[in-house]
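The values are calculated or read from the model by the stated rules, or taken from the named source; none is laboratory data. Model, not experiment: these values are computed from the prediction. Cβ atoms come from the backbone with ideal geometry, glycine included; neighbour counts cover every protein chain shown. Just the protein is used for accessible areas: all its heavy atoms, side chains included, with ligands, DNA and RNA removed. Shrake-Rupley method; radii C 1.70, N 1.55, O 1.52, S 1.80 Å.
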Amino acid sequence: MRATIDLAAVEAMDAADPLRAMRDRFILPDGVIYLDGNSLGAAAPAVFNELQKAATQEWAQDLIRAWNTAGWFDMPVALGDQLGRLIGAASGQTVVCDTTSINIYKVLHAALGMRPNRSVIVAEGDSFPTDLYMAEGVASTRPGTVLRLEGVDAPTIEELIDERVAVILVNHVNYKTGQLRDMAALTCKAHQVGALIVWDLCHTAGALPVELDAANADFAIGCTYKYLNGGPGAPAFIYAAKRHHEYVHQPLSGWWGHARPFAFEQGYTAGSGIRRFLCGTQPVLSMRALKGALDIWDDIDMVSVRKKSIALTDLFIQLVEAKCGAYGLELEGPRDGNARGSQVSFLHPHGYQVMRALIERGVIGDFRAPSTIRFGFTPLYVGYKDVWQAVEVLEDILRTGAWQEARFAVKTAVT
Ligand SMILES: Cc1ncc(COP(=O)(O)O)c(C=O)c1O
């Protein structure tokens, strides 16, 4: 199969794609091939409809009554259940709220509280930095807490797990390389020594199927603005397994997590169930945008999403290596589709300039220092011909040396 594929074969893949019609549910600007849905998902008219309704009817006309009449107050849990279907969580265990960073803080703190005689947090040295920053923040409030890092304190996370570990914070898909972890196996390893585990699903939710309940996971957190297309700054989520609800206490004990928020009592009493992970008033308009985005998933089966994701990323790797192999690109991350998320990264010594040149030509991916060019493939709106065309542009930029133009070396804030 290698290097023999041609444009006709790629077009045939699009024609046979069962998810092809989903593309029409998104707005993709002319002249853009969007390979950055792993950073910020595309906009959908359904999202704008929800926003419009929430603003012009519910807020403008119903005013404060809308907290009840439009279900605003219950939205964090209702959306949590809707999202839960995509991450293998039975209802009542997922809540949409706050940001991923804040949710990491809440959940890590809560997990440490559940293991009072243990003092170690295990995480990955190459984690997305906010996970580590938040772990440091949690540790700073609990004297004696130690952070053990994969790649720093031992080569693999498995080697760091022992009876002193209270909680492991781990990414299901590595944000830079796309490397996928075995959720069931690592969760089992954590439980064998009595540790808890928190899965960061930022690069998983909406990208590939995951079974939190079946894997016996303890907690998970993640964002909704990537593959779930909830919009910039869309609220994040927390999953907490039902078996922990009774014992878990998170530190941001605001009134929305109180057992009786409208009793305005003195003293905090945690609410029951997943609501106890809430803190304060939630961003209703952003929640409504997310509802519009999640509704799109109601008819979608994650197995076909995964199948297409692997086919898109395999095709991209195959074409890049066949057409651009001579220009100093090196695959970063797994070659085996079953071992990666829905993204592909290549190393290039001048990756920053190459990505700037690509973006100028309408192929939007992103760059991660020091030398990673990263491409995300959202199966709902990226087609096989997009992959073909993106590689043609990349090949042209590398062959002609167009990336060497001085202006591409000037640093801008690239996401
Ligand atoms: C793995 C991971 N965790 C966390 C975050 C971001 O957290 P927040 O939404 O709080 O900015 C990202 C953002 O890209 C991420 O990739």
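A few points about this structure:
- Between ASN216 and THR156, the simple spin-label model (points 7 angstrom out along Cα→Cβ) gives 2.0 nm.
- Scanning the chain for chymotrypsin sites (Phe, Trp or Tyr not before Pro) that sit in a DSSP loop and have at most 10 other Cβ atoms within 10 Å, the longest stretch containing none of them is 1-246.
- Efficiency of FRET from Cβ geometry, ARG20 and ALA322, R₀ 22 Å, rounded to 0.05: 0.35
- For the Cα trace of the stretch 225-319, dividing Rg by the Kirkwood Rh returns an Rg/Rh value of 1.14.
- Karplus-derived HN-Hα couplings along the stretch 214-231 (A = 6.51, B = -1.76, C = 1.60, θ = phi - 60°), whole Hz, x at Gly and Pro: 5, 7, 6, 4, 8, 9, 8, 9, x, 10, 10, 9, 8, 6, 8, 6, x, x
- Here the accessible area is traced with a 1.4 Å probe on the protein chains. For the chain, carbon and sulfur cover 55 percent of it.
- Bridge type composition, the chain - antiparallel percent by DSSP, nearest 5: 55 percent
- By definition, a body whose alpha carbon gyration tensor gives a ≥ b ≥ c is rounded when a/c is under 1.5, and the stretch 95-202 falls into this rounded group.
- 3J(HN,Hα) couplings calculated from phi for the stretch 380-387 with the Karplus curve 6.51 cos²θ - 1.76 cosθ + 1.60 (θ = phi - 60°) are, in sequence order, 5, 10, 9, x, 5, 5, 4, 4 Hz; Gly and Pro show x.
- These residues, THR400, THR177, go from largest to smallest accessible area, 1.4 Å probe, as THR400, THR177.
- Cα-Cα separations in the chain greater than 39 Å, expressed as whole percent: 22 percent
- Contact order, relative form, for the chain: 22 percent (alpha carbon pairs under 8 Å, 6 or more residues apart, mean separation divided by residue count).
- Estimated FRET transfer efficiency when R0 is 22 angstrom, pair LYS53-SER304 (beta carbons, to 0.05): 0.15
- Under 5 Å, built H, 5+ apart or other chain: amide partners of GLU150: ALA123, GLU124, GLY125
- Rounded to whole Hz, the Karplus (6.51, -1.76, 1.60) HN-Hα couplings of the stretch 65-75, x for glycine and proline: 4, 5, 3, 9, 5, 9, x, 4, 5, 8, 4
- Selected from SER272, THR224, VAL284, residue furthest toward positive end of dipole (the stretch 209-290; charges at beta carbon): VAL284
- Crossing angle, helix 284-295 versus the chain [Cα axis fit, 0-90 degrees, rounded to tens]: 60 degrees
- Long-range HN-HN contacts of ALA43 with modeled amide H, under 5 Å: ILE27
- 0 to 90° range, to nearest 10: angle between helix 129-140 axis and the chain longest Cα axis: 30 degrees
- Rounded to the nearest 10 degrees, the angle from helix 183-192 to the longest Cα principal axis of the chain is 40 degrees.
- Global geometry of the stretch 150-293, whether rounded, prolate or oblate, following the gyration tensor of its Cα atoms and the 1.5 cut on a/c: oblate
- Where THR141, THR4, THR378 fall by accessible area, highest first, once all protein chains stay in place (1.4 Å): THR4, THR141, THR378
- For peptides 201-207, 301-307, sequence by mean Cβ density within 10 Å, most packed first: 201-207, 301-307
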